[in-house]
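The values are calculated or read from the model by the stated rules, or taken from the named source; none is laboratory data. Please read all numbers here as calculations on a predicted model, not as lab measurements. Please note: Cβ atoms are built from the backbone with ideal geometry, for glycine as well, and neighbour counts cover all protein chains shown. Side chains are part of the model used for accessible areas, which takes the heavy atoms of the whole protein and leaves out ligands, DNA and RNA. Shrake-Rupley method; radii C 1.70, N 1.55, O 1.52, S 1.80 Å.
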Amino acid sequence: IFDYKKSRKIGMRCFGKPDNNLEIKILKNNRKTNKNYVLGQLLIRHSKKSPRKGFFSGYLKNMIETENAWKNGWFHTGDIVKLDVNGNLYFVDREKNIIRRAGENISSAEVEANILELKYVSNCAVLSYKHDIYEEEVFAFIKLKSRYKKNKQLAKKIIKDLSTKNAYFKLPAYIQ
């Protein structure tokens, strides 16, 4: 379906360009956007005349979910992607994994990848945490490597180190 052999960029989450038999669009906040490097949900179809041609027939015994996925003649993938100036698509995260903080969309996978680069972290998971003012906050569950002890100093160091890789609004408000 995608020109992943020629356009794919290893290590950059680029999965190529759609082939000529497919139409795509990217929705940001339920509005179509053609701007490059804007995060949005990938919508895909064969054509306006026959949108489902070549796609799966539906979710097993679940017509409601099938129709929800095929809104307005487009298959809503649930994948958040970026489109570059050359038409390459980059996978960012699943829509359900996006944290919405004070109007900003934050990829939990991006924050996790930056946390995992820290020398004292062996594993982590980043989730949203309901917040009265910001809608959601970033909550990082971190497993330290065995030679490091959990304490406030290390938590502060994690935030300081992450601040060199993440925008301020992507920093975890909570760490456990």
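Can you tell me how many residues within region 131-150 are at negative phi and either in a loop (DSSP other than H, G, I, E, B) or loosely packed, with under 15 Cβ neighbours inside 10 Å (or both)?
Within region 131-150, residues that are at negative phi and either in a loop (DSSP other than H, G, I, E, B) or loosely packed, with under 15 Cβ neighbours inside 10 Å (or both) number 10.
In region 96-108, what count of residues is obtained for those that are surrounded by fewer than 16 Cβ atoms within 10 Å (Cβ to Cβ) and in contact with a strand residue (DSSP E or B) (Cβ under 6 Å, 6 or more places away or on another chain)?
1
Under 8 Å by Cβ, and 6 or more places apart or on different chains, what pairs join a residue from region 140-167 that is closer than 16 Å to GLU117 by Cβ and among the charged types (D, E, K, R) with one that is assigned to a helix (DSSP H, G or I) and open to solvent by less than 100 Å² (accessible area, probe 1.4 Å)?
Sorted first by the residue in region 140-167, then by its partner, the pairs are LYS165/ASN114.
Only one of these is open to solvent by less than 90 Å² (accessible area, probe 1.4 Å) and either more than 22 Å from the chain's Cα centre (by Cα) or free of Cβ contacts under 8 Å to residues at least 24 places away in the same chain (or both): GLY73, GLY78. Name it. I'd like the intermediate steps shown before the answer.
Numbers: GLY78 fails: either more than 22 Å from the chain's Cα centre (by Cα) or free of Cβ contacts under 8 Å to residues at least 24 places away in the same chain (or both).
After applying the criteria, what remains is GLY73.
Kindly indicate the residue of region 34-65 that is closer than 17 Å to VAL85 by Cα and either among the hydrophobic types (A, V, I, L, M, F, W, C) or open to solvent by 50 Å² or more (accessible area, probe 1.4 Å) (or both) and also modelled with the highest pLDDT among those meeting that condition.
Ranking the candidates gives LEU42 first.
I want to confirm something. Restricting to region 126-162 and keeping residues that are within 20 Å of the chain's Cα centre (by Cα) and hydroxyl-bearing (Ser, Thr, Tyr), which single residue is nearest to ILE98 (Cα to Cα)?
Across region 126-162, the extreme among qualifying residues is SER128.
Residues GLU112, GLU136: which one is farther than 14 Å from LYS165 by Cα and in contact (Cβ under 8 Å) with a residue 12 or more places away in the chain? Walk me through how you get there before you give the answer.
Values: GLU112 fails: farther than 14 Å from LYS165 by Cα.
That would be GLU136, the only listed residue that is farther than 14 Å from LYS165 by Cα and in contact (Cβ under 8 Å) with a residue 12 or more places away in the chain.
Within region 107-130, does at least one residue satisfy the condition of being under 26 Å from GLY16 (Cα atoms), in a strand (DSSP E or B) and modelled with pLDDT under 95?
Yes, that holds for at least one residue.
Within region 20-33, track down each residue that is surrounded by fewer than 16 Cβ atoms within 10 Å (Cβ to Cβ) and either within 19 Å of GLU110 (Cβ to Cβ) or modelled with pLDDT under 80 (or both).
LYS28, ASN29, ASN30, ARG31, LYS32, THR33
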